[in-house]
Amino acid sequence: MITVNGNQSDWEEGLTVKKLLERENYTFRMLSVWINDQPVEKKEYPARLIPDGAKVQVIHNISGG
Amino acid sequence: MEIKEMKLLSEWSYEPAKIHRGYAKETLYVGLGNKDGNYKFEKRPVSEDMIDKFTGGRGFGLKLLWDAVKETTKWDDPENELVVAGGPFCGITQYPGTGKSYTVFLSPATKQTYNSNAGGYFGPFLKFSGFDALEIQGKADRPVVVFIDGDNYKVQIFESTIEDNNAYYISEELHEYFAKDEEDKRTISVISTGMAARTSYIVGLNFSFYDVRRKAVRLKQAGRGGGGTVLCDKNVTAIVVKRTKFTGMENDPVDVETIMKAGASLHKRIHDHDNEQCKMRAAGTAHLTEIMNDYELLPVNNYKFGSHKDIGNISSHEYIKLFSQGMADGCWYGCSLACAKAVDHFPLQTGPWKGREVVVDGPEYETAAGLGSNVGVFDPHWTIEANFYADHYGLDTISLGTTMAWVCECYGLGLINKENTHGLELTFGNKKDLMELIHRIAQGSDDFAVATGWGIEAAREYYAKNYGADLEVMKKIGMVCQGLEASEYRCQESMAQWGGYFLTLKGPQHDEAWLIFMDMVNKQLPSYEDKAEALYFFPCFRLWFSLHGLCKLPWNDIEPVDNSVKYKGIEAARVPEHLNNYLNIYTAITGKPLDRDGMILQSEKVYNFERIFNLRMGKGTSKFHEAPDRGLGPVWEDEWMARPDYFDAKLKEFGEEIEGKSVKEKIELLQKYRRAQWEQLKAAVYKRRGWNKNGIPTMKTVKRLGIDYPEVVALLEKHLKPEDEFEDA
């Protein structure tokens, strides 16, 4: 299991940031992703593996409307 | 040109103030008399105290309006004013988003102060003509056009000869009338409204600019709150400003190099990254429709649902095909974000201009949702036509969409019937009859159309009294607060956004705080105190734009690519690099230092003054901060059953055992729990803002902010009660 924005979420072998975003339907483009409090650059999303037990934060940055 | 020559009724010449460090330090007062033709013109000085306490733009508007009205003044009394003001940033050409002007007035819809803004050229041209603000007071004895001639330093009042009182016609004709030639049309900006302003309260102001590439007049809307109704009540057909010559140095800044450097950096960022971020240049704000749908935030059928299977029909991909691409948008100089999208050669299918091909501004997201999904229509061509006529008639597309969505639900519930609607079948998605309703509202064709054009709060009283409709049910489902219809986001699953909509100064408009992602998705605001902090900071931060003549889009609809890895948590949402640009540019214009605390302090003074102003007008207390049931959660079974697992889980979070309970019982329970949360949120927010339990700024707060003017203190002494104080305030 991993946590995504504080919610429990399934982990699977080979789970990348890109796959996670697709699974959660996080389609907003201005995101920042942090794994265990470390930032992940956008270009790393397709290959960056998420380890089991990770704390993942997917921050949607809009705050203005 | 079709209009006849207009007779000059009055004229006044002035010596223009020289703009220095962002301010002309003079405002223009135009009195129209009280239907007696007694016109009056004045230049009024701007004091250092006015700059210190109210900064500019909306702040100036509120101060001038405060001085103009009494606590008994109603929106249609002659002393009500329409104030238009930019701010110290307004008109600079070196940084994007500086063409905004802010209008302030007593609103027919909300019965308190309202402020609404539009981009384009009017604010800069007014300032370059020598004025930080324009006040229009009184009522003309005949339809008039007010002309501010910033080239020859004259203000003239003409008897209007315009017979078609709709915005595109008025604007096109007046650009033609006051321009020497085609090229000269760009030196003019017109404020007008449309025929709906005669009977409707949800009527806005159209600010024109001339698009030289299209050779067409474009309209930007200060749409909300009924400013158009006020203009019409004053018998003003249009306010026109003309200013031919200007440079990028009109504001006389201290340090233009700093402004240019910040602007160049942002232009490059927009050029390099907009396509991978918000796609503003291709889709404008309509890029949000499918995103809102994916997060269950798109209002569908009067906010009952958050997504719809037909979203593809109104997605940004469809709008991009309809918007003309590859053209500068023609809005104020220096804004490369180019969000002002337009549909060219659009053939109208209905109404008085049926058969004509027109240029339609937008639709922006709010219109695509309000005159789209929220009324159950997933046809962009219908939305574009509705958008055109709403603008032309002066109708605010947001209030119109939200009101019609509510009408459709009332109709579906049998609260009103076909006899009441004079034959219209007002079901969700019935495009033909919904379009006909728009035309009828504008024309004031019948009692139903007129009452509906007042907006939800007044219309429901009329429906209850005259049609026997159940008022309590209509209150549950009407997305309105303080007399203002909600804008087009479904807020029920974000407690912080309940506050962002229903704990605001003027009602549920999204320009105070849009906290849904931060709260509902990111889970960055877990406690009431966290939410209250956000509902203190972001409304103040957003208000700051309105003091300076700024558009907010270049702040966070484009970001540095490393914003998301360089900054963590809520700090990233503040987009620190862009925030620092504003601080640096402020100093570069005015020569005065400003830090983040100072920025919030500028806003907090005006935020609290506006709240007190509303108290003065008989509102501004806790009882007017009320959230409808639809804003907090599902009201009917079909809403729950659209996401049964989700809502069951939400109810379980309160420790409820849900086995054996009917959906109706579950809805009642969820509403009860959320209503209790709402009350806790309200208290936490009031406390953080330095208000008492009744939502009134305390004496300590106004003294801290330096807005303890004698009239303010006297007003507060009348309303502040010991029993309303927080224990540890």
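Computed values, structure above
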{"item": "Electrostatic dipole magnitude of chain B [Cβ: Lys, Arg +1; Asp, Glu -1; Cα centre; debye, to 20]", "result": "1000"}
{"item": "Cα pair distances in the range B:9-242, grouped into 10 Å bins until the bin that holds the longest one, percent each", "result": "8, 36, 41, 14, 1"}
{"item": "Heavy-atom accessible area, 1.4 Å probe, ligands and nucleic acids excluded: residues of the range B:541-556 down by at least 40 Å² from chain alone", "result": "B:Asn556"}
{"item": "Computed Rg/Rh of the protein assembly as shown, alpha carbon atoms with Kirkwood Rh", "result": "0.95"}
{"item": "Kirkwood-based shape ratio for the range B:96-186, expressed as Rg/Rh from alpha carbons", "result": "0.96"}
{"item": "Calculated [θ] (222 nm, deg cm²/dmol) that DSSP helices of n ≥ 4 give over chain B, each run adding -39,500 (n - 2.57)", "result": "-12000 deg cm²/dmol"}
{"item": "Charged-residue dipole, Cβ positions (Lys, Arg, Asp, Glu), the range B:9-242 about Cα centre, Debye nearest 20", "result": "700"}
{"item": "Two-site FRET efficiency, A:Asn36 against B:Glu717, from Cβ-Cβ distance with R₀ of 56 Å, rounded to 0.05", "result": "0.50"}
{"item": "Principal axes of the range B:135-194: Cα extent on each, largest first, Å", "result": "34, 27, 17"}
{"item": "Calculated on alpha-carbon atoms, Rg and Dmax of the range B:627-729 in Å", "result": "19.9, 61"}
{"item": "Across B:Lys506/B:Lys623; B:Lys321/B:Lys341; B:Lys476/B:Lys650; B:Lys215/B:Lys431, pairs whose alpha-carbon gap is larger than 23 Å", "result": "B:Lys215/B:Lys431"}
{"item": "Accessible surface buried upon B-A contact (total; probe 1.4 Å; Å², nearest 100)", "result": "2500"}
{"item": "Phi to ³J(HN,Hα) by Karplus 6.51 cos²θ - 1.76 cosθ + 1.60 over the range B:382-398, Hz, x for Gly, Pro", "result": "5, 4, 5, 5, 5, 4, 4, 5, 4, 4, 4, 7, x, 6, 6, 5, 6"}
{"item": "³J(HN,Hα) computed for each position of the range B:504-511 - Karplus, 6.51 cos²θ - 1.76 cosθ + 1.60, integer Hz, glycine/proline x", "result": "9, 6, 10, x, x, 10, 8, 8"}
{"item": "From phi via Karplus (6.51, -1.76, 1.60), per-residue ³J(HN,Hα) for the range B:650-665 in Hz, x at Gly/Pro", "result": "4, 5, 4, 4, 8, x, 7, 8, 9, 4, x, 8, 6, 4, 4, 5"}
{"item": "Two-decimal Rg/Rh across the range A:2-60, once Rg and the Kirkwood Rh are taken from alpha-carbon atoms", "result": "0.90"}
{"item": "Reachable aspartates and glutamates, given that their alpha-carbon falls under 17 Å from the alpha-carbon of B:Lys154 and they are not under 8 places away in the same chain", "result": "B:Glu11, B:Glu15, B:Glu26, B:Glu42, B:Asp132, B:Glu135"}
{"item": "Under 13 Å from the Cα of A:Lys43 - aspartates and glutamates, other chains or at least 8 residues apart", "result": "B:Glu276, B:Asp562"}
{"item": "Cα convex hull volume per residue for chain B (Å³)", "result": "149"}
{"item": "Convex hull (Cα only) mean projected area of the range B:256-485, reported in nm² to one decimal", "result": "14.0"}
{"item": "222 nm mean residue ellipticity, helices alone, for chain A (DSSP H n ≥ 4; -39,500 (n - 2.57); rounded to 500)", "result": "-2500 deg cm²/dmol"}
{"item": "Dipole magnitude of the protein assembly as shown about its Cα centre (Cβ charges: Lys, Arg +1; Asp, Glu -1), debye to nearest 20", "result": "1100"}
{"item": "Candidate residues B:Met280, B:Met699: accessible-area rank, largest first, probe 1.4 Å", "result": "B:Met699, B:Met280"}
{"item": "Per-residue SASA entry for B:Trp454, accessible area with 1.4 Å probe, Å² rounded to 10", "result": "70"}
{"item": "Rounded percent of accessible protein surface that carbon and sulfur make up, the range B:443-486, 1.4 Å probe", "result": "46"}
{"item": "Spin-label model distance (nm) - A:Arg29 vs B:Glu679, 7 Å beyond Cα toward Cβ", "result": "4.6"}
{"item": "Nitroxide proxy distance, nm - points 7 Å out along Cα→Cβ at B:Leu594 and B:Glu626", "result": "3.8"}
{"item": "Reachable aspartates and glutamates from B:Lys700, criterion Cα separation under 18 angstrom, eight or more residues apart if same chain", "result": "B:Glu604, B:Glu610, B:Asp708, B:Glu711, B:Glu717, B:Glu723, B:Asp724, B:Glu725, B:Glu727, B:Asp728"}
{"item": "Distance in nm between pseudo-label sites at B:Tyr462 and B:Gln671 (7 Å out along the Cβ direction from Cα)", "result": "2.6"}
{"item": "Projected area averaged over orientations for the range B:14-53, convex hull of C-alpha atoms, nm²", "result": "3.8"}
{"item": "Segment B:Ile320-B:Asp638, length gained on full extension (0.36 nm per residue, minus Cα span)", "result": "111.1 nm"}
{"item": "Dimensions (Å) - the range B:180-243, Cα atoms, principal axes, largest first", "result": "36, 20, 16"}
{"item": "Carbon + sulfur, % of accessible area of the range B:180-262 - ligands and nucleic acids excluded, 1.4 Å", "result": "52"}
{"item": "Amide proton proximity set for B:Phe305, modelled H, under 5 Å, gap of 5+", "result": "B:Val300"}
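The values are calculated or read from the model by the stated rules, or taken from the named source; none is laboratory data. Note that this is a predicted model, so its numbers are computed, not measured. Cβ coordinates were reconstructed from backbone atoms using ideal geometry, including for glycine residues, and neighbour counts include every protein chain displayed. Just so you know, the surface numbers come from the protein's heavy atoms only, side chains and all, with ligands and any DNA or RNA stripped out. Shrake-Rupley method; radii C 1.70, N 1.55, O 1.52, S 1.80 Å.
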